[in-house]
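What follows is a set of notes on a single structure, which appears directly below.
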Amino acid sequence: MTESLLEAVGLRRSFTHPSGDIEVLRGLELRVGAGELVTVSGRSGSGKSALLALLCGFDSPDSGCVLLDGVPISGAPPWHTCAVLPQALGLANELTIAENVALPLRLRSDVPRPSPAAIHERVTELLGELGIGELGDRYPLEVSFGQQQRVALARAVAGRPRVLLTDEPTAHLDAGSTPRVLRLLRRCASEGAAVIVATHDDEVHRIADRRVRLLDGVLTALLD
């Protein structure tokens, strides 16, 4: 494997439950290199979403750390560094589909910022690639949940992030839409991103460079 871009080192995370604390992650280790696509499987409730929340800085571990380029992260990195497709999509309902996808590009704090023409070109490219090019002027609540999921993926990749974390990206898609999403995920990796996908979908696992399973709070490599 190439040198690690994103690393999880000794991650432990517990959550409070009426019956007592539940330790979801138990000293978890994960290393993902630039240009690598890794899928994470595991039963519902095994901690896949909790892991992604830690990797992107949305949550903090009880112990252990997450390293980006060898440096511990503190809080969420900029969206163009680490972008997320969560299960709760978080689209802005007051913005159009196109405006949602453009939002991380318009809010970039680094310089130079992309021009309005470059933003329009990137948004148009992604919506077309995901088969929703005709929906740019609509609002999220005017389209299906599967279409919203593709909008949220387009938003996540719009800024060409160095790390892309996606949680069940094909869960609400029809058979015709899934290949579009798989091609985009694969292309993000080929362009140098470290891509991590939490999924139950065998089609997603088939495009991975490496597959791991989350079981009893630790990750185990899966062989073909």
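Numbers for the structure displayed
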quantity: For the chain, calculated [θ]222 nm from helices alone, where every DSSP H run of n ≥ 4 adds -39500 (n - 2.57); calculated: -8500 deg cm²/dmol
quantity: Calculated P(r) tail over 16 Å for the stretch 48-130, as whole % of Cα pairs; calculated: 62
quantity: Sites Asp21 and Ala171, calculated FRET efficiency, Cβ-Cβ separation with R0 30 Å, nearest 0.05; calculated: 0.55
quantity: Interchain or long-range residues, amide H under 5 Å from Leu85's placed H; calculated: Leu165, Thr166, Asp167
quantity: Gaussian network model of the chain, Cα within-10 Å springs - most flexible of Ala98, Ala171, Ala193; calculated: Ala171
quantity: The stretch 15-110: GluC sites (Glu not before Pro) in DSSP loop, at most 13 other beta carbons within 10 Å; calculated: Glu94
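Throughout, read-outs are computed from the coordinates displayed, never taken from laboratory work. In this text, all values refer to a predicted model and were calculated from it rather than measured experimentally. All Cβ positions, glycine included, derive from the backbone under ideal geometry; neighbour counts span all protein chains shown.
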